[in-house]
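Please read the structure below before turning to the comments.
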Amino acid sequence: MTSHFQPNRRHVLAGAAGLIGLALTPEQAAAAAALAIAADWKIAFADLEGDLAPRPLQRVHGKAPAGLAGTLYRNGGAKFRRTKGQATHWFDGDGLIRAFRIQEGGASLAARFVDTPKRRADTAADGVISGGFGTRSGPGARIASPDDVNAANISVIRRGDKLWALWEAGSPFEIDPASLATTGMVTLRDDLAHMPFLAHPRFEADGRIWNLGQVGDKAVIWQLSPSGTVQMATPIALPRASYIHDFTITARHIIIVLQPWVYQGDSPVPMTSLTWRPGLGTQVLILDKADLASRRVVELPTFFAFHMTSAWEAPSGEICFEICASPQPDFVIRTAVDLMAGTYTASSDPKLSLITVPTQGTARIESTGVIAEFPRTDGRGSGPNRFTLHATTQAKARPLFQGVGVYDWRKHQDLVFDFGPDHLVEEMVFTPRPGAVEAFDGWIIGPTINLRAARTELHVFDARHVDAGPLVTWAADVAVPAGLHGMFWRG
Amino acid sequence: MKHPLLVSAALAALAAMLAGSASAADLSLTFKVHQSQKGALMVAIFDTETAYTGDGQAVRQLKLDIASDTLAVVVPGLAPGRYGIKLFHDLNGTGKLTFNMFGIPTEPVAFSNNARINMRAPTWAEVSFELPDAGVAQTIDID
């Protein structure tokens with residue numbers, strides 16, 4: 001933690017209580033115990049019992065940069081446990097849409113649960129009867145399609161005047177960006193009801209949307225207009241039934257990483273159908289956007305990954321993209337399950353890596369050695385990424401990260417701001433300064449959960465000087481459970 | 001009592017009676033349509049587990065055009081005994097249950113006893129009910 005980052009009052013109080021030691025009065029001991037509990041990482045995976053009405057955030061230090069205005073929309077499960085049962089995987093909580101608004105130098109927070117059939121059914125049953133990716137469905141559930149277990153909890157995107165809350169194996173849910181109220185489930189076309197739609201769509205410069213949906217070794221390639229109208233939904237066969245969370249595109253190609261974590265059998269719980277078969281290696285499927293029948297499969301050494309960056313193509317046709325690669329899927333198999341039981345099990349570190357696929361010859365993956373998840377790039381331009389923003393610094397003895405990093409691909413240097421063990425860092429996003437031309441001329445925006453103060457904080461960094469710490473930090477009066485993905489919408 | 005379906009149901013009952021049923025009971029069905037009010041309900045009534053689970057013939061098939069959120073119909077002329085009902089909401093007017101390219105129904109499906117699909121279709125034990133001489137009523141939700 002740098003001196004730039006001011007410790008809050010509760011830090012000081014907790015430190016003082018420690019120094020007093022045996023001289024604590026019973027009241028002080030109780031207060032110290034309460035602080036110790038508050039610092040517990042479990043608050044990041046606790047239940048939020050209801051929506052959060054809009055509330056101002058209190059400025060902790062610094063000043064909002066001039067010219068920064070907009071809303072960080074963020075999704076992620078925030079209700080996991082009910083009287084008669086609970087989600088048994090972190091990915092199966094009810095989707096909560098957070099809106100962190102930055103306007104005129106101040107900030108506010110509102111959050112609202114997505115009104116899904118799953119949430120309604122589970123609420124009525126006072127249990128988690130509509131399962132999900134890693135949670136078994138219970139008696140009395142009505143599961144006629146994947147949308148009946150759709151928690152709408154992985155990401156949120158804004159297109160025009162609508163938000164879409166995205167899951168992976170089912171339909172988007174339309175959300176009003178002002179009130180965050182759910183309008184309804186989106187059926188993209190009558191004959192495409194209940195089709196899978198991943199939570200990491202890719203955008204063309206003109207706003208057109210590419211996405212992928214998957215069931216086992218079958219997939220659908222979606223192409224949507226900027227406003228979300230279906231232009232194409234084409235089924236394709238996959239060479240193997242890999243777990244797929246993300247994919248990427250170049251100007252001409254669609255790139256799908258097929259790791260050797262494959263669906264086998266038909267357990268009612270999708271995750272338990274997945275088998276890690278490291279002997280198979282990892283494959284990359286490359287499809288021609290203009291002719292989906294034209295494909296190439298290249299082989300790479302075995303790795304697991306959730307996330308990758310936008311890809312680019314050299315004039316020679318060589319394709320490159322970045323990926324956060326782990327040796328195996330132990331986070332999703334073990335850590336994310338144990339979290340729901342209130343215990344932490346360490347898992348392998350994801351490392352920022354570069355995949356290069358030449359037009360001929362052997363593809364390769366090269367690790368930077370930098371621990372990285374939630375990778376985000378500038379988003380403008382189509383060449384190599386100069387910088388990659390990511391969460392970093394695996395915290396000790398508790399899940400997820402405590403630092404924000406920006407990797408400079410030209411200097412091969414990672415600039416890091418470490419919040420210290422009290423903060424759980426969520427996905428950070430980049431937004432350019434108005435009128436900016438240079439790569440990463442703008443701001444990094446994102447929340448942390450201050451575990452000791454038991455509150456969510458919102459931070460803004462100068463994207464070129466992340467290591468200097470936040471330009472401004474605001475604090476909420478509540479700890480919102482750890483989120484997953486979202487986007488910043490300027491204006 | 002001027003709904004065309006009631007007329008056709010009555011005609012079907014008349015045909016059944018002419019065919020020589022010894023005794024007959026009234027099955028009163030109420031359908032509550034919670035979402036789209038377009039299209040029709042395609043209802044099939046079965047009198048054996050084999051017919052329900054396989055490709056067997058329904059003892060009655062009804063097509064109910066949806067004019068409001070609640071539809072009521074009396075199916076007369078059924079022999080007292082055990083029955084099960086499955087139906088789908090024909091939103092696109094094809095007369096057949098429609099599936100998306102991955103084999104998931106794109107139209108709502110419902111069953112007697114309001115039995116639910118829970119990863120699999122409900123069993124005969126879950127959908128079947130007794131139709132006594134005095135008749136019986138079933139209310140089925142569709143959404």
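Values quoted throughout were computed directly from the atomic coordinates according to the rules given, and no laboratory measurement underlies them. Not measured: the values here are computed from a predicted model. Cβ: placed from backbone, ideal geometry, glycine included. Neighbour counts: every protein chain shown.
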> Residues of B:94-105, mean number of Cβ from any other protein chain within 10 Å of their own Cβ, rounded to a whole number?
Replying inline: 5
> By counting other Cβ atoms within 10 Å of each Cβ, how are A:LYS118, A:LYS42 ranked from fewest to most?
Replying inline: A:LYS42, A:LYS118
> Based on DSSP H runs of at least 4 residues, each adding -39500 (n - 2.57), what is the mean residue ellipticity at 222 nm of chain A after dividing by all its residues, to the nearest 500 deg cm²/dmol?
Replying inline: -2000 deg cm²/dmol
> What's the lysine pair count for chain A at a Cα cut-off below 19 Å, pairs eight or more apart or interchain?
Replying inline: 7
> Could you give me the ³J(HN,Hα) list for the stretch B:62-68, computed from phi with Karplus coefficients 6.51, -1.76, 1.60 and θ = phi - 60°, whole Hz, x at Gly and Pro?
Replying inline: 10, 10, 10, 5, 8, 10, 8
> In debye to the nearest 20, how big a dipole does the protein assembly as shown give about its Cα centre with +1 on each Lys and Arg Cβ and -1 on each Asp and Glu Cβ?
Replying inline: 680
> Counting only other chains, what is the mean number of Cβ atoms within 10 angstrom of the Cβ of each residue in peptide A:233-240?
Replying inline: 1
>> Taking every pair of distinct Cα atoms and averaging 1/r, then inverting, what Kirkwood hydrodynamic radius in Å comes out for the protein assembly as shown?
In response: 26.9
> Once phi is turned into θ = phi - 60°, what whole-Hz ³J(HN,Hα) does the Karplus curve with 6.51, -1.76 and 1.60 give for every residue of the stretch A:434-443, x standing for Gly and Pro?
Replying inline: x, x, 5, 10, 5, 4, 6, 8, x, 10
>> For the stretch A:185-282, take N as its residue count and report Rg(C-alpha) divided by 2.2 N^0.38 Å.
In response: 1.15
>> With a cap of 12 neighbouring Cβ atoms within 10 Å, and only residues DSSP puts in a loop, list the trypsin sites (Lys or Arg not before Pro) found in the stretch A:148-205.
In response: A:ARG189
